[in-house]
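Asker: First, the structure itself, so that you have it in front of you.
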Amino acid sequence: MDQNRPLLRLISGVGKKGPACFAIEARGKRLVLDLGEGPPPGCLPDVAAIAPADALILSHGHKDHIGGLSLLAQLGNPPVYATEIVAGALPKGLPARTLPVQGMSEVLGIAIETGRNGHAPGGVWLNFAIGDGFLYTGDYSAESILYAYDPPARAVATALIDCSYGDYQTPLAECWSELAAHLGKGPLLLPVPANGRGPEIALELMRHGLRDIFIDDAMQKAVRQLADPAKVSLCDGLVQQIERLAQIAQPIDGPRGVMLAASADGASGATARLLPEFERSGEIAILFTGYINPNTPAERLSKSGRAQTMRWNVHPRLSDTVTLVRNVQARTVIPAFCDHAQLPKLSAALAPARVTMDAVVAI
């Protein structure tokens, strides 16, 4: 390995589902990319090998990407960089230096291009002008009907890409068809992340004429933010629809209609309170639409058969991954957030690019 080339260290998040944490070493600086927690709850990356750090850059505000901020001291308390929307949700007393949602910026003399990731409010992918070019997507989705996605176009040699779904190919339209089959059969609880697929599913319910939509306080706050401070993350022309959703969605005051509440795994928030009450009633359906965190109420209820599960796409399908790799002409691809067993299928699909999960990669 050429010791003069920038290096990417894969601390956590490659080879199995785990908290996002990666580090770039370039031009005498060490930039840490994301600092997550879980799944499962309490799982944190081992940051000893990348301390001290010169900066922490956050791709978006989900727990598996920012939940490890308690480790900042171990990293030497580097400055934190995030978009204004993500920074606004960070713990009080943790100032962040602002990255644009779209555009060019600079961190410690390194030029960075950012674009909307189609996954979460204020979420971005990051393209670094180091080595022969390096792209980190964080989590992204090319299909979202709510969150805008700006496809990266600048050529890079190396790309660290969200491959959470591996070789999965089912389109989002089919996810809606599966969800629709659960409607109209009585009260339905959808545990969801308030700053992710929660508002997106609620919007789709409204678009299909459903008016009995009930949301918890976290969802109400998220929808209001999407209507104004976070509207830059929306697909074009959606502000009025989000405002309409905020008007028709009612607070959850009992089991009726379709109820959307956080957290998605039932371990905290409104669902931690609602699930013990609702699971005793056979008249209330419970449907999880995302990853089932180990050692959580979601796992217990789904394994027992009390709750059903399905997937609502919030990560790229294999076809989206192939399109991205072709567009940026990546020669080396590191698939993130999927199991090592997916490596042969991804290697075949992304050839002639080299696909690797090596712990250290020259950029």
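The values are calculated or read from the model by the stated rules, or taken from the named source; none is laboratory data. Not measured: the values here are computed from a predicted model. Note: ideal-geometry Cβ built from the backbone for every residue, glycine included; neighbour counts use all protein chains shown. To get the accessible areas, we keep the full protein, side chains included, count just its heavy atoms, and leave off ligands, DNA and RNA. Shrake-Rupley method; radii C 1.70, N 1.55, O 1.52, S 1.80 Å.
Asker: Take the Cα atoms of the range 143-277, build their convex hull, and give its volume per residue in Å³.
Answerer: Hull volume normalised by residue count: 142 Å³.
Asker: Another question, if that's okay. In degrees, nearest 10, range 0 to 90: what is the angle between the Cα axis of helix 197-207 and the longest Cα principal axis of the chain?
Answerer: The angle comes out near 50 degrees.
Asker: Considering only Thr158, Ala87, Leu7, whose Cα is most displaced toward the positive end of the charge dipole of the chain, charges sitting on Cβ of Lys, Arg (+1) and Asp, Glu (-1)?
Answerer: Value: Leu7.
Asker: Would you pull out the residues with amide H under 5 Å of Val107's amide H, same chain only if 5 or more places away, H placed 1.01 Å from N?
Answerer: The answer is Ile112.
Asker: Can you give the net charge of the other residues whose Cβ lies under 13 Å from the Cβ of Cys235, counting K and R as +1 and D and E as -1?
Answerer: Value of the local net charge: -2.
Asker: Once amide H atoms are placed 1.01 Å from N in the peptide plane, what residues at a sequence separation of 5 or more from Ile363, or on another chain, have their amide H within under 5 Å of its amide H?
Answerer: Leu7, Leu8
Asker: With a cut-off of 8 Å between alpha carbons and a minimum separation of six or more residues, what is the relative contact order of the range 1-103 in percent?
Answerer: Worked out over the range 1-103, it gives 20 percent.
Asker: A further question follows. Kindly express, to the nearest 10 degrees and within the range 0 to 90, the angle between helix 217-227's C-alpha long axis and the longest C-alpha principal axis of the chain.
Answerer: 60 degrees
Asker: Using only the Cα atoms of the range 11-123, build the gyration tensor, take square roots of its eigenvalues as a ≥ b ≥ c, and label the shape rounded, prolate or oblate: rounded if a/c is under 1.5, else prolate if a/b is larger than b/c, else oblate.
Answerer: Judged from the Cα gyration tensor, the range 11-123 comes out rounded (a/c under 1.5).
Asker: Run the 1.4 Å probe and let me know the accessible area of Arg256, rounded to the nearest 10 Å².
Answerer: Ignoring ligands and nucleic acids, Arg256 comes out at about 100 Å².
Asker: Hey, another quick one. Keeping every protein chain present and rolling a 1.4 Å probe, give me the accessible area per residue for the range 121-249 in Å².
Answerer: Averaged over the residues of the range 121-249, the accessible area is 36 Å².
Asker: If one takes the longest principal axis of the Cα atoms in the chain, at what angle in degrees, from 0 to 90 and to the nearest 10, does the Cα axis of helix 318-328 lie?
Answerer: Long axis of 318-328 versus the principal axis of the chain: about 40 degrees.
Asker: What do the square roots of 5 times the Cα gyration tensor eigenvalues come to for the chain, in whole Å, largest first, as semi-axes of the equivalent ellipsoid?
Answerer: Taking √(5λ) for each Cα gyration eigenvalue gives 34, 21, 20 Å.
Asker: For the chain, what is the calculated [θ] at 222 nm in deg cm²/dmol (nearest 500), taking -39500 (n - 2.57) for each run of four or more DSSP H residues and dividing by its residue count?
Answerer: The helix-only estimate for the chain comes to -6500 deg cm²/dmol at 222 nm.
Asker: For the chain, build the charge dipole from Cβ charges (+1 Lys, Arg; -1 Asp, Glu) around the Cα centre, then report which of Pro352, Pro255, Trp125 sits farthest towards its positive end.
Answerer: Positive-most Cα among the choices belongs to Pro352.
Asker: For Leu260, which sequence-distant residues (separation of 5 or more, or a different chain) have an amide H within less than 5 Å of its own amide H, given hydrogens modelled in the peptide plane?
Answerer: Correct list: Leu190, Phe214, Ile215, Asp216.
Asker: Please sort 277-288, 93-104 by packing, taking for each peptide the average over its residues of neighbouring beta carbons within 10 angstrom, highest first.
Answerer: 277-288, 93-104
Asker: Further, regarding this structure: I'd like the antiparallel share, as a percent to the nearest 5, of DSSP beta bridges with both residues in the chain.
Answerer: Percent antiparallel among DSSP bridges in the chain is about 45.
Asker: Longer than 32 Å from Cα to Cα, which of Lys16/Lys185; Lys185/Lys221; Lys29/Lys345; Lys17/Lys231; Lys16/Lys303 are they? Say none if no pair is.
Answerer: Cα-Cα > 32 Å for Lys16/Lys185; Lys29/Lys345; rest within.
Asker: Fully extended, how many nm does the chain gain between Asn4 and Gln74 (0.36 nm per residue separation, minus their Cα-Cα distance)?
Answerer: Result: 22.5 nm gained on full extension.
Asker: Hey, another quick one. Starting at 0 and stepping by 10 Å, how many percent of the alpha carbon pairs of the range 212-277 end up in each bin?
Answerer: Per 10 Å bin, starting at zero, the Cα-Cα P(r) for the range 212-277 comes out as 21, 46, 27, 6 percent.
Asker: For the range 277-301 and the range 1-60, what is the separation of their C-alpha centers, rounded to whole Å?
Answerer: 32 Å
Asker: So, R0 is 22 Å and r is the distance between the beta-carbons of Asp358 and Val322; what FRET efficiency does that work out to, to 0.05?
Answerer: That pair, Asp358 with Val322, gives E of 0.55.
Asker: Once phi is turned into θ = phi - 60°, what whole-Hz ³J(HN,Hα) does the Karplus curve with 6.51, -1.76 and 1.60 give for every residue of the range 351-357, x standing for Gly and Pro?
Answerer: So the J values, rounded to whole Hz, are 4, x, 4, 7, 10, 9, 10.
Asker: If you add up the charges near Gly68, with Lys and Arg at +1 and Asp and Glu at -1, over every other residue whose beta carbon is less than 11 angstrom from its beta carbon, what do you get?
Answerer: -3
Asker: Working with all protein chains in place, sort Ile334, Ile292 by solvent-accessible area computed with a 1.4 Å probe, largest first.
Answerer: Descending order: Ile292, Ile334.
Asker: If you don't mind, another one. Report the charge-dipole magnitude of the range 129-187 in Debye, nearest 20, computed about the Cα centre from +1 at each Lys and Arg Cβ and -1 at each Asp and Glu Cβ.
Answerer: 120 debye
Asker: Once ligands and nucleic acids are excluded and a 1.4 Å probe is used, how much of Cys163 is accessible, expressed in Å² to the nearest 10?
Answerer: Result for Cys163: roughly 0 Å² accessible.
Asker: Let me ask something else about it. How large a share of the accessible area of the chain, in percent, is made up of carbon and sulfur atoms when the probe is 1.4 Å and the other protein chains stay in place?
Answerer: Carbon with sulfur: 49 percent of the solvent-accessible area.
Asker: Let me ask another. I want the local charge near Pro39. Using Cβ-Cβ distances under 11 Å, sum +1 for each Lys or Arg and -1 for each Asp or Glu among the other residues.
Answerer: Local net charge: -1.
Asker: Choose one of Ile50, Gly38, Ala336: the residue whose Cα lies farthest towards the positive end of the charge dipole of the chain (beta-carbon charges +1 Lys, Arg; -1 Asp, Glu; about the Cα centre).
Answerer: Sorting the options by dipole projection puts first Ile50.
Asker: Using the crude model of +1 on Lys and Arg Cβ and -1 on Asp and Glu Cβ, and no other charge, please compute the dipole size for the chain relative to its Cα centre, in debye to 20.
Answerer: Value, rounded to 20: 160 debye.
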